[in-house]
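Take a look at the structure set out below.
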């Protein structure tokens, strides 16, 4: 059995190693993620700007609200697709108003039309349900 008086206490070494790993590991992971994003952009030329995409989605929500509010029936019970003339016009209006954001987000008028149609679906009133006689 080893003599305990000559054994090295490992607790301070473990504490030092743990604190060093906890300090250095997030920096390494962050640097790796940044390097991976830069490499992806360099290889593909694609860099999606989330702030620009959020601006496009916000404009799509606004245009969808206008479509619903301007319709005589508030589009109640109507099926709205990406080929709907109002949706296409709204998408084109967004692309014309925000060309820089659209380019940075990498969206086309067809994609923006999907955003607008989706937003209409979120705010569109539900069709009236007929009353059931009892």
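The values are calculated or read from the model by the stated rules, or taken from the named source; none is laboratory data. In this text the structure is predicted, and so the values were computed from the model without any measurement. We place every Cβ from the backbone using ideal geometry, glycine too, and count neighbours over all the protein chains shown.
Brief remarks follow.
- Just one of the listed residues (33, 7, 72) is loosely packed, with under 13 Cβ neighbours inside 10 Å, modelled with pLDDT under 80 and in a helix (DSSP H, G or I), namely 33.
- Selection status of residue 93, touching a helix residue (DSSP H, G or I) at 6+ places or on another chain (Cβ under 7 Å), under 30 Å from residue 120 (Cα atoms) and in the same structural domain as residue 114 (by TED's automatic domain parsing): yes
- Unmet criterion (only one of (1) under 19 Å from residue 122 (Cα atoms); (2) part of a helix (DSSP H, G or I)) for residue 41: (1)
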